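Colleague: Quick one: the structure is below, and I'll ask about it shortly.
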Amino acid sequence: MAVTRPLTLDEFLLRPEEQPALEYERGVVTQKMSPMAKHGTLEGELYFRFRMHQYPRVAVKSMTETRVTWLTEGISYVPDVIAYRVERVPSGVDREILDRLVVPPDVAVEIPSPGQTLDSQVERCRWYVQHGVKAALLVHPGRKAVWVFRAGAETGPLTGDAVVDLGDVFDGFSFVVAELFVSLLV
């Protein structure tokens, strides 16, 4: 993508989506990395765990690689997985999910791709919770570890039999770290 001058957020949002996704941060456009197999597997596993929470009741709506825009901050990110309590899902009068999400999710998940540093992903998760996300997870496939970020609190790295407890966000939701990473086995 060739851009000769900085784009405004409005101009950026009018552009067609690209794959891998583009992100916008105060005039700067960057492109995400293409997810590799472990990354995609963990994305799918977390999407499924959120989506199936309290099944058959629909309590949580989860999405992968979905744009969320913070209009007042001039930022449009594409977290690897997001999840909302169903009553908070941005929707229209017909109750269909809106395509343009401007309400921070309840949970945002980042999974580092090759070329992304752990520090940059930690900072991204901290930014999320400072801007309306109740909990952010950093899931590191290489270390088989999960960090949990909340406003004023960080936990991790959690490994093995440690429990990631998001019950304060989604009633009764938790998982054992090692069980998440079992999804990487064939």
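Colleague: Just need a number here: residues in the range 8-24 that are more than 16 Å from the chain's Cα centre (by Cα) and surrounded by fewer than 16 Cβ atoms within 10 Å (Cβ to Cβ).
Modeller: Selection size over the range 8-24: 10.
Colleague: Another question, if that's okay. Would you kindly identify the strands (runs of 3 or more DSSP E) lying entirely within the range 8-90 that contain at least 3 residues that are more than 22 Å from Asp168 (Cα to Cα) and out of contact with any Ser or Thr (no Cβ under 6 Å at 6 or more places or on another chain)?
Modeller: Passing ranges, in order: 28-31.
Colleague: In the range 22-41, which residues are farther than 11 Å from Ile111 by Cα and among the charged types (D, E, K, R)?
Modeller: Listed by number, the residues that qualify are Glu23, Glu25, Arg26, Lys32.
Colleague: Same structure again: Of the numbered conditions (1) surrounded by 14 or more Cβ atoms within 10 Å (Cβ to Cβ); (2) at pLDDT below 95; (3) not acidic (Asp, Glu), Ser183 satisfies every one except a single condition; which is it?
Modeller: It fails just one condition, (2).
Colleague: Residues in the range 111-119: is at least one among the aliphatic types (A, V, I, L, M) and under 18 Å from Thr41 (Cα atoms)?
Modeller: Within the range 111-119, one or more residues are among the aliphatic types (A, V, I, L, M) and under 18 Å from Thr41 (Cα atoms).
Colleague: Sticking with this structure for a sec: Identify all residues within the range 131-144 that are over 20 Å from Ala162 (Cα atoms) and open to solvent by 10 Å² or more (accessible area, probe 1.4 Å); write none if there are none.
Modeller: Correct list: His131, Gly132, Lys134.
Colleague: I would also like to ask the following. Return the residues of the range 91-106 that are open to solvent by less than 10 Å² (accessible area, probe 1.4 Å) and either closer than 20 Å to Ala151 by Cα or free of Cβ contacts under 8 Å to residues at least 24 places away in the same chain (or both); say none if nothing qualifies.
Modeller: Within the range 91-106, Pro105, Asp106 qualify.
Colleague: Filter the range 145-174 for residues that are among the aliphatic types (A, V, I, L, M) and open to solvent by 70 Å² or more (accessible area, probe 1.4 Å); which is farthest from Tyr84 (Cα to Cα)?
Modeller: Ranking the candidates gives Val163 first.
Colleague: Evaluate the range 107-130: report whether one residue or more is surrounded by 18 or more Cβ atoms within 10 Å (Cβ to Cβ), part of a loop (DSSP other than H, G, I, E, B), among the acidic types (Asp, Glu) and touching a Phe, Trp or Tyr at 6+ places or on another chain (Cβ under 9 Å).
Modeller: No, the range 107-130 has no match at all.
The values are calculated or read from the model by the stated rules, or taken from the named source; none is laboratory data. Predicted model only: the values in this text are computed from it and were never measured. When we count neighbours, we look across all protein chains shown, and the Cβ atoms used for this are built from the backbone with ideal geometry, even at glycine. Heads up: the accessible areas ignore ligands, DNA and RNA and are worked out on the full protein's heavy atoms, side chains in. Shrake-Rupley method; radii C 1.70, N 1.55, O 1.52, S 1.80 Å.
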